[in-house]
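The structure appears below as structure tokens.
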Amino acid sequence: MKTKNLWPLGVVGALSMASVIPANAQTRKVPRVIMTASDTVTMTVGEQIVLPYANVTRIITEDDDVARAFFQSGNALLEGSSPGSTTVEIYQNSGTPKVLTIQVTEAAANIPGTALIPISPEPLPLPESAAITPSRSPLTLSLDVAPAPGNASQAIYTITYGNPSQTPVTNAVIRFPLDDQVSLVSGSASAGARYDAALREVVWNLGLVPSGQVDQKLTLRVEPIERRPTTFKGMATIQDASGLAIASNEREYSTSTTPLLTVFAFPDRILAGKNGELLLDVKGSENQLTVARLAMLNVVQGRSKGLYYPASPTQRAEYAVMTLNGLNLRDLRDITQIKYVLGKRSTVNLSIRNAAGRTIANLVQNTTQDAGEHTEVWNGRSGSTYVPPGRYTYVCTAKDVRDGQVTTLRGNLNIVSQTPLNASGMPSFIDVKSSDWFASFLAVGEKQGLLRGFPDKTFRPRTTISRIEATAIVVRALGLEDLAKEWADKKVGFVDSEDIPKWGQPYVNVATTVAKTSNGKPIVRGTVDNRFLPEKELRRDEAALFVQRLIDRETTRRITVSGTMVPGTTVTINSRSVVADNEGRFAFSIDTNTAVPTTVAVIDSRDR
């Protein structure tokens with residue numbers, strides 16, 4: 001397993017002191033002392049070597065399955081774990097790290113130095129040429145952590161050091177390496193601190209620590225790099241002129257203390273689906289899901305009972321009505337996202353309940369999830385049917401997997417009826433009668449500038465619409481006709497571009513490039529062999545696909561977001577700070593771009 005392990009000086013070394021582990025408590029192998037370290041060091045599995053470097057502050061092993069690093073009695077040691085090769089970075093007080101290649105081989109029988117002897121409380125003797133001078137520091141060091149006053153998203157570390165001995169200590173240095181998940185709050189470290197950006201550590205050069213001086217305090221603040229619930233650790237070291245470093249205790253801090261921080265619906269109003277007859281002839285077709293969705297939204301209808309005729313050509317009037325019905329949905333959506341943020345790894349349940357309190361949909365059931373943001377999508381269905389319009393409640397419960405703490409939050413969402421297009425009037429086209437079922441729709445489309453007739457003042461409603469004609473209506477529906485005029489002379493690279501009529505070229509240029517859906521793809525697309533086929537008849541299932549992409553266009557929509565958060569929590573949604581009432585409930589309108597992901601930041605700012 002490839003890992004990078006950081007071993008601060010003193011973490012393991014402290015365990016070898018006589019005051020912690022008696023000399024006769026356990027045994028270990030006698031490390032081999034190497035006089036000088038070349039770029040490559042060879043050792044065997046189970047063998048330990050002492051590195052001849054002074055003032056080592058930390059060691060990073062690239063693969064601790066091959067070799068592991070630790071400190072004992074002031075010495076930097078490596079131990080072979082399994083056959084292989086790895087690299088080791090050795091950091092000292094200053095300068096760039098030394099990089100060694102470690103080759104570990106299988107242990108041969110009777111390897112010298114493997115006899116078990118009691119652990120000595122004293123440092124191992126080194127030859128005079130070795131660089132490490134073992135000693136025992138009289139300094140003391142401890143670490144505490146607490147929420148920073150006024151901002152619990154930050155942690156304030158307090159380092160307490162002292163010299164209870166009767167001998168002054170010189171050249172004392174305290175180091176605090178930052179956890180990878182946090183950064184130093186600028187200007188927060190106690191006076192005299194220096195931040196080493198390369199090593200990501202805060203350094204205090206104390207110099208002289210007089211004898212009898214105890215309970216000296218240093219502080220610094222850190223905050224998570226990512227604005228989400230985070231758990232991180234801290235540990236300090238103090239080193240004196242002897243080169244021996246003493247490690248403090250390790251302290252952990254979490255920016256959240258409750259399993260569930262917030263839950264909200266985005267948006268909190270969706271359209272009610274229509275429970276109608278199934279269109280049997282679209283099952284298994286390429287655009288089955290598209291036709292089924294638009295039928296549920298009452299955007300498209302079958303031509304006869306239970307039949308859509310997906311492969312049949314689309315009539316001009318049919319396509320006009322589909323487009324107008326799609327545009328009539330405006331900002332309302334047919335799905336909602338229920339988002340929730342966990343402060344801890346938890347077992348989660350998320351359900352939808354009706355006004356009577358009965359569960360009609362289970363979105364998450366007894367699922368263990370990590371801390372952070374999670375999203376579930378609901379389309380207004382209970383089983384295989386759409387629920388009726390009304391007010392519904394979503395309930396989210398999270399149980400901390402470690403201590404069993406439970407948090408439950410709930411919020412409301414509304415399912416609203418579709419409002420049919422209020423189509424009225426008569427168009428100017430001479431071939432449309434007031435008795436035609438589509439007459440009032442064509443009147444609306446003509447008034448909005450979406451539909452245009454032929455020079456002879458006809459619309460030819462029952463003739464087949466071509467891909468180029470449908471594309472022109474899409475561009476007008478998007479309000480991009482002025483842009484199309486500017487793009488009239490551009491070419492977008494279709495191999496059959498010469499077949500595109502001059503009047504239609506501007507519409508093709510825009511519809512196949514800048515007019516996009518929320519997933520960033522063009523609303524109108526060519527074939528797999530890069531043809532546009534402008535005069536090809538538009539099939540009814542293809543017409544549904546055009547309209548669906550128009551509905552899902554990249555645009556800014558105003559929606560209402562509502563939910564609940566744990567009182568005292570700070571929540572921002574798309575950079576907007578959320579204001580909640582005394583019970584943690586909130587609701588507000590927000591402009592969202594369908595192509596831009598929603599961003600949520602949550603901080604638990606309650607007192608710990």
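HN-Hα J couplings of the stretch 569-576 from phi, Karplus 6.51/-1.76/1.60, θ = phi - 60°, integer Hz, Gly and Pro as x?
Whole-Hz 3J(HN,Hα) from phi for the stretch 569-576: 8, 9, 10, 10, 10, 6, 6, 9.
Sequence-distant or interchain residues sharing an amide H contact under 5 Å with ARG333, placed H: which?
Here LEU271 satisfy the definition.
What is the sum of charges, Lys and Arg at +1 and Asp and Glu at -1, for the other residues whose Cβ falls under 14 Å from the Cβ of ALA189?
Charge balance in the 14 Å sphere: +2.
What does the convex hull of the alpha-carbon atoms of the stretch 466-536 project to on average, in nm²?
Directional mean of the projected Cα hull area for the stretch 466-536 stands at 4.4 nm².
Which of PRO522, SER466, SER497 sits farthest toward the positive end of the charge dipole of the stretch 466-536, with +1 on the Cβ of Lys and Arg and -1 on the Cβ of Asp and Glu?
Selected residue: PRO522.
Note down the net charge around SER351, summing +1 for each Lys or Arg and -1 for each Asp or Glu among other residues with Cβ under 15 Å from its Cβ.
+4
Give me the Kirkwood hydrodynamic radius of the stretch 160-306 in Å, from all C-alpha pairs, to one decimal place?
Roughly 21.1 Å, rounded to one decimal.
Among PHE532, LEU545, VAL579, pick out the residue whose Cα is farthest towards the positive end of the charge dipole of the stretch 509-582, where Lys and Arg carry +1 and Asp and Glu carry -1 on C-beta, about the Cα centre.
Farthest along the dipole direction, towards plus: PHE532.
Given H placed 1.01 Å from N in the peptide plane, which residues other than close sequence neighbours of SER165 have an amide H under 5 Å from its amide H?
Excluding prolines and chain starts, which carry no amide H, the hits are GLY212.
Using +1 on the beta carbon of Lys and Arg, -1 on that of Asp and Glu, and nothing else charged, what's the dipole of the stretch 190-267 about the Cα centre, debye to 20?
With Lys and Arg at +1 and Asp and Glu at -1, about 220 debye.
Can you work out the PRE-style zone for SER518? Point 7 Å along Cα to Cβ, and I want the residues of the stretch 356-384 with backbone N under 15 Å.
Residues 375-380 fall inside that zone.
To the nearest 20 debye, what charge dipole does the stretch 140-254 have about its Cα centre, counting +1 at the Cβ of each Lys and Arg and -1 at the Cβ of each Asp and Glu?
It works out to roughly 180 debye.
Taking θ = phi - 60°, what integer Hz values does the Karplus form 6.51 cos²θ - 1.76 cosθ + 1.60 yield along the stretch 272-278, in sequence order, with x for Gly and Pro?
Whole-Hz 3J(HN,Hα) from phi for the stretch 272-278: 6, x, 9, 8, x, 5, 6.
Report the full-extension gain for the segment VAL579 to SER186: residue separation times 0.36 nm, less the Cα-Cα distance, to one decimal in nm.
138.7 nm
Which order do the peptides 424-431, 537-544 come out in when sorted by mean C-beta neighbours inside 10 angstrom, highest first?
537-544, 424-431
By how many nm would the segment from ASN593 to ARG452 grow when fully extended, if each residue of separation counts as 0.36 nm and the alpha-carbon distance is taken off?
Once the chain is fully extended between ASN593 and ARG452, it gains 47.7 nm.
If you stretched the chain out fully between LYS433 and LYS490, how much longer would it get, using 0.36 nm times the residue separation minus the C-alpha to C-alpha distance?
Length gained, LYS433 through LYS490: 16.6 nm.
Only four residue types carry charge here, +1 at the Cβ of Lys and Arg and -1 at the Cβ of Asp and Glu. Report the dipole size of the stretch 178-312 about the Cα centre in Debye, rounded to the nearest 20.
780 debye
With label points built 7 Å along Cα→Cβ from the Cα atoms of ARG531 and ASN362, find their separation and express it in nm.
Label at ARG531, label at ASN362, 5.2 nm between them.
The numbers here are math on the coordinates, done by the rules we state, and not lab data. Values in this document were obtained by computation on a predicted structure and should not be read as measured data. Don't worry about glycine lacking a Cβ; one is built from the backbone with ideal geometry, like all the others, and counts go over all protein chains shown.
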